[in-house]
1. Quick test for you: out of I353, I301, pick the one residue that is more than 15 Å from the ligand (Cβ to nearest atom), assigned to a helix (DSSP H, G or I) and at pLDDT 95 or above.
2. Test T81 against the criterion of being more than 17 Å from T170 (Cβ to Cβ), touching a strand residue (DSSP E or B) at 6+ places or on another chain (Cβ under 8 Å) and either in contact (Cβ under 8 Å) with a residue 60 or more places away in the chain or not acidic (D, E) (or both), and give yes or no.
3. Which pairs turn up if I take residues in segment 319-337 that are assigned by TED's automatic domain parsing to the domain that holds K285 and in a strand (DSSP E or B) and look for partners that are within 16 Å of the ligand (Cβ to nearest atom) and among the charged types (D, E, K, R) with beta carbon separation below 9 Å, at least 6 apart in sequence or on another chain?
4. Go through (1) closer than 17 Å to K405 by Cα; (2) out of contact with any strand residue (DSSP E or B) (no Cβ under 6 Å at 6 or more places or on another chain) one by one and return the number of the condition A357 breaks.
5. Please go through segment 356-376 and pick out each residue that is outside any helix (DSSP H, G or I) and either more than 18 Å from the chain's Cα centre (by Cα) or more than 12 Å from the ligand (Cβ to nearest atom) (or both).
6. Look through I529, I518 and report the one residue that is of a type in the set (V, I, T), touching a strand residue (DSSP E or B) at 6+ places or on another chain (Cβ under 6 Å) and over 19 Å from E463 (Cα atoms).
7. Please state which one of Y296, Y309, Y250 is in contact (Cβ under 8 Å) with a residue 40 or more places away in the chain and more than 16 Å from the ligand (Cβ to nearest atom).
8. Given the options T379, T393, T397, T369, name the one that is at pLDDT below 95 and not basic (K, R).
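The values are calculated or read from the model by the stated rules, or taken from the named source; none is laboratory data. Keep in mind that what you see is a predicted model, and the values were worked out from it rather than measured. FYI the Cβ positions are ideal-geometry reconstructions off the backbone, even for glycines, and counts take in every protein chain you see.
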Amino acid sequence: MCSIIGYCGSREAAPILVKGLKRMEYRGYDSAGVATENENEIQVRKGTGRVSDVNSNVKLDDLSGKSGIGHTRWATHGKVTDLNAHPHTSNSGKIAIVHNGTIENFEELKRHLESEGYSFKSETDSEVIANLLQKNYETTKDVTKTLRKTVSELQGHYAFVAMFENGQLTAARSREPLIIGVGRDDLFLSSDVLGFIEYTDEAIYVKNKNFVILEKGKFEIFNYDGKHVEGKPTKVSKEFGDVYKDHYAYFTLKEIHEQPETILKAGEKALDEIKSASDYIRDAKNIYITGSGTSYNAALIAKQILSKYAKIKAEPIMASELQFSPDIIEKNSVLISISQSGETADVLDAVKIAKEANCKIIAIVNPLTSSLAREADVTIGMNCGPEIGVVATKSFTSQLVILYKIAQKLNGGNLEIDFRQTSESISKILKDSKNIQQTAGKLKGISDIYVLGSGIHWPIAIEASLKLKELTYIHAEGIPSGELKHGPLALIDDNVFVIIINPNDPTYEGTLTSARKIKSRSGAKIIGISDVKSDLYDYRIEIPKMSESQFPILEIIPIQLLSYYIAREKDTDPDYPRNLAKSITVK
Ligand code: G6P
């Protein structure tokens, strides 16, 4: 998964493109590149590494020209090499493209183009787009006809921006995001509003299977049948352009520290939406909850919240798995889809399957302009501002707050939660980060961490293990406390650390019993996350005493911090963990 950007206007393109790419790096950060047009000639600079490294090495922002395209890569077809980095040019050098997504029939297209004398420099599927455009342009001599013919030949999920040798930009979208930014004297094409938010907040979300032609400061949109389509501008929230680290060393740390405020904004001003969501849930035949990664872990917690507080049964389904058993979804049900970005391909596919079964879609999402928000019957905004760190932190706690608010609505006001108090308790945990930082120092050299929790704390243990994997590269597993004796105990020896999530609630004694088993059979070290002391803990991370409903929101915070500090101890980049990307818009 990658980010694509295009600019044409009255200013030098390259510095604008580089800035936009830096903001969209969360989408992929293996390689970066820029191409500009100057006096009818296309120049390309690119390389492997983060945008700022590639820029220092090859001076991307020194390229001249008022029209250009740019890319950050998350490798899917071909290794991370300079040659595989985008932009790719066609054989004539007269067309350059940047692409996000997958061209499913690229091998067939490539063979065909090769038989006609075209050659390929990279291992990517993307390069076929450049040569296909060249071939079709040489036959049609018309940019619109070229685009229409080219998209009719491509199969897959993709968005691309192409630049012709006169600097004219075009773009197409098939199930990958593509947004037009409309400035006063400039036009942008981008995977995310973050690519251009500094210059304009007027955005047009290009519909699926539409293509765009920019010419002389104007844009035209067509569907894949060649029919003209109206582009509706939307004002995007400037807040989504606020992506600075302030005094924090990393976005991840900043985002962890934002949680006392962000949990208070979750679902704010969405009383009507929360009411509609609970009405849909009440009337539905069945309730399913889906998401990927951290958002799926929120779905696991949702099941527990809805059954405990609203007496409603809901089935969590991993978004990437639904395609293999679509029959799970019964007609006239409700799918609650949880996604920070609202662009995760697996989640959007799950929504498609549910819609085909006539289900209502409730979206819990951060950007209200995302694809998921546009597909949903009712959307509840997390309002937590841009989350740039690849590892989800503040979005998770915002998702939990919204789920609690839905449960509150469903149980008719009998579930009281003082979110202000939760917010203050998060602040307390954050203030105590010295202790967590010291504990992190003990874990940096170990190879396995097990996280135990029961009841609602089990999905938190799973989410905790995900944070540890993503940020520290240490093998970590979330295990229900009671299951330890049924197998995982065999793995516990003196070299492992076990984190037990153990607040003083009905799960407390059971989890402590598992801790005892660990202590009596091994020298494994135990970190207790709890509001009460115990001799069984080698290290304790204190969480404030709270009502039961507030614990899940609180107990993930020390683990986010612990994972962050272990990453720093190991000198890895917490914002951009290896091999990952924030928003996976490909299958
Ligand atoms: C990627 C990210 C995860 C995230 C998941 C779902 O895999 O690396 O951190 O949890 O996508 O993202 P979403 O935007 O749908 O919540």
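1. I353
2. Spelling it out, T81 is indeed more than 17 Å from T170 (Cβ to Cβ), touching a strand residue (DSSP E or B) at 6+ places or on another chain (Cβ under 8 Å) and either in contact (Cβ under 8 Å) with a residue 60 or more places away in the chain or not acidic (D, E) (or both).
3. Final answer for the pair search is S337/E375.
4. Of everything listed in (1) closer than 17 Å to K405 by Cα; (2) out of contact with any strand residue (DSSP E or B) (no Cβ under 6 Å at 6 or more places or on another chain), A357 misses just condition (1).
5. A357, N358, C359, K360, I361, I362, L368, T369, A376
6. I518
7. Y309
8. T369
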